[in-house]
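Notes to accompany the following structure.
The values are calculated or read from the model by the stated rules, or taken from the named source; none is laboratory data. Computed from a predicted model, the values in this text were never measured in an experiment. Reconstructed Cβ throughout: ideal geometry from the backbone, glycine too, with neighbour counts over all protein chains shown. Protein only, heavy atoms only, side chains kept; ligands, DNA and RNA dropped before computing areas. Shrake-Rupley method; radii C 1.70, N 1.55, O 1.52, S 1.80 Å.
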Amino acid sequence: MTMEGLQSSLWIGKKKHWTTLCAKCLSWTPMDRQNRKNKVCCNRLCAVLSCNRLCPAADKSRVVPVSEVVAVQEGIMEFLPYRKVQVSERDFTVLFVQRSGHSPRWTLGRRVFSAPSRDLRELWVSALRTCLQQHIRCRPQRLLVFINPFGGRGHGRKIYQSQVSPLFELAGISTHVLETERANHARDHILKKDLSGFDGLVCVGGDGMFSELMHGLIGRTQQEAGISENDPSATLEPCSLRIGIIPAGSTDCVCFATVGVNDPVTSALHIIIGDSQPLDVCSVHHRDQLMRYSVSLVGYGFYGDVLEESDRHRWMGPVRYDYSGQRAR
């Protein structure tokens, strides 16, 4: 691989494509009579596009930012409905973030490339992995995952095991999974247990689960910095760990506000590639005592009555809020 990148013709299915890799982008364009005479025209794509969609100048071209490549595998990899790799000397599979127009929903994209020789295949795989290494420091390597098995309709464990865990494994992320058994279990674990070796926390649940992780992480950070949370005038120490949210609750407002959609696969892909979204946090104090942190809303009175009543009807799912609102009037 030269400083200018790697270029060659590769097959995708039964059609030959001129394929280009540079430090920022992987692109491929079907080779026909027009672009066969000017193969290097695809080099302009990484300067034209910032995400993997069709190029307006070459509507059959495709570009994937290297920062959004999830994995590179020798052979022909099938990921759905389960992971399977077919050994092949000339093929390699690239898995990446697949966007859909202007929709915030992401899926896992997949392309199988076939090289004319095994040596060229090895060159491509090596070059792609070398480019990926530039983004490793921005991506999580070991995550502490908290699953609320009771949140929403009680599907948290199934959502994580079927949709999220396979993606983390594909991306080479190791995880330690803890299922919560009571209220504030996750918060207490974060406050008291050793978190060294983890570079991120993940909550699989709803807004209440996120709140537990947030309170635990902010509280622990202030304890280690020697800052009193009960002092309203104190400047809090920023948290070094980030929190990822896999939506599996009743409302998932925080996830929707940060990602734009409540979809476990979309959230998992954001976590994998190291996306981050800063959040403003407010605190509520009463008589020099911290009451609560909040990133979404703060309510009392009628709103508090609705939440208290809704906790008795979790089996109803999101409609419990409408039901409880009628009862709490």
Checklist entry - Mind checking whether some residue in the stretch 80-90 is in a strand (DSSP E or B) and exposed (fewer than 13 other Cβ atoms within 10 Å of the Cβ)? => result yes
Checklist entry - Could you list, in sequence order, the residues of the stretch 263-282 that are in contact with a Leu (Cβ under 9 Å, 6 or more places away or on another chain), of a type in the set (Val, Ile, Thr) and not in a loop (DSSP other than H, G, I, E, B)? => result Val265, Ile271, Ile272
Checklist entry - What pairs come up if the first residue lies in the stretch 115-142 and is among the acidic types (Asp, Glu), the second is crowded, with 18+ Cβ neighbours inside 10 Å, and their beta carbons are under 8 Å apart, counting only those six or more places apart or on different chains? => result none
Checklist entry - Residues Arg187, Arg157, Arg182: which one is touching a Gly at 6+ places or on another chain (Cβ under 6 Å) and charged (D, E, K, R)? => result Arg187
Next on the checklist: Given (1) of a type outside the set (Val, Ile, Thr); (2) at pLDDT 50 or above; (3) crowded, with 19+ Cβ neighbours inside 10 Å; (4) over 19 Å from Arg90 (Cβ atoms), identify the lone condition not met by Leu21.
Outcome noted: (4)
Checklist entry - Is it the case that Glu68 is open to solvent by 70 Å² or more (accessible area, probe 1.4 Å) and under 16 Å from Ile271 (Cβ atoms)? => result no
Item to check | Test: His102 is without any contact (Cβ under 8 Å) to a residue 12 or more places away in the chain and over 16 Å from the mean Cα position of the chain (by Cα) | outcome: yes
Checklist entry - If you take the residues in the stretch 133-143 that are at pLDDT 95 or above and either of a type in the set (Phe, Trp, Tyr) or open to solvent by 40 Å² or more (accessible area, probe 1.4 Å) (or both), which one is farthest from Gly197 (Cα to Cα)? => result Gln141
Checklist entry - Looking only at the stretch 283-307, which residues are assigned to a helix (DSSP H, G or I) and modelled with pLDDT under 80? => result Tyr303, Gly304, Leu307
Checklist entry - So which residues in the stretch 314-324 are more than 18 Å from Cys253 (Cα to Cα) and at pLDDT 80 or above? => result Tyr323, Ser324
Next on the checklist: I'd like to verify a number: residues in the stretch 104-128 that are part of a helix (DSSP H, G or I) and either farther than 14 Å from Ser67 by Cβ or in contact with a Pro (Cβ under 8 Å, 6 or more places away or on another chain) (or both), how many?
Outcome noted: 10
Checklist outcome for this item: If we take the stretch 144-262, then strands (runs of 3 or more DSSP E) inside it with 3 or more residues that are open to solvent by less than 30 Å² (accessible area, probe 1.4 Å) are 201-205, 243-247
Next on the checklist: Going through Thr93, Thr107 one at a time, which residue ends up being farther than 30 Å from Arg320 by Cα, more than 15 Å from the chain's Cα centre (by Cα) and of a type in the set (Val, Ile, Thr)?
Outcome noted: Thr93
Next on the checklist: Suppose we filter the stretch 292-326 for residues that are exposed (fewer than 12 other Cβ atoms within 10 Å of the Cβ) and either β-branched (Val, Ile, Thr) or touching a strand residue (DSSP E or B) at 6+ places or on another chain (Cβ under 7 Å) (or both); how many remain?
Outcome noted: 1
Item to check | Phe146 being in contact with a helix residue (DSSP H, G or I) (Cβ under 7 Å, 6 or more places away or on another chain), within 24 Å of Gly5 (Cβ to Cβ), among the aromatic types (Phe, Trp, Tyr) and touching a residue at least 12 places away in the same chain (Cβ under 8 Å) | outcome: no
Checklist outcome for this item: Condition set assigned to a loop (DSSP other than H, G, I, E, B) and touching an Asp or Glu at 6+ places or on another chain (Cβ under 9 Å), scope the stretch 52-79, selection modelled with the highest pLDDT: answer is Gly75
Checklist entry - For Gln277, all conditions in the list (1) surrounded by 14 or more Cβ atoms within 10 Å (Cβ to Cβ); (2) more than 17 Å from Ile190 (Cβ to Cβ); (3) among the polar types (S, T, N, Q) hold save one; what is the number of the exception? => result (1)
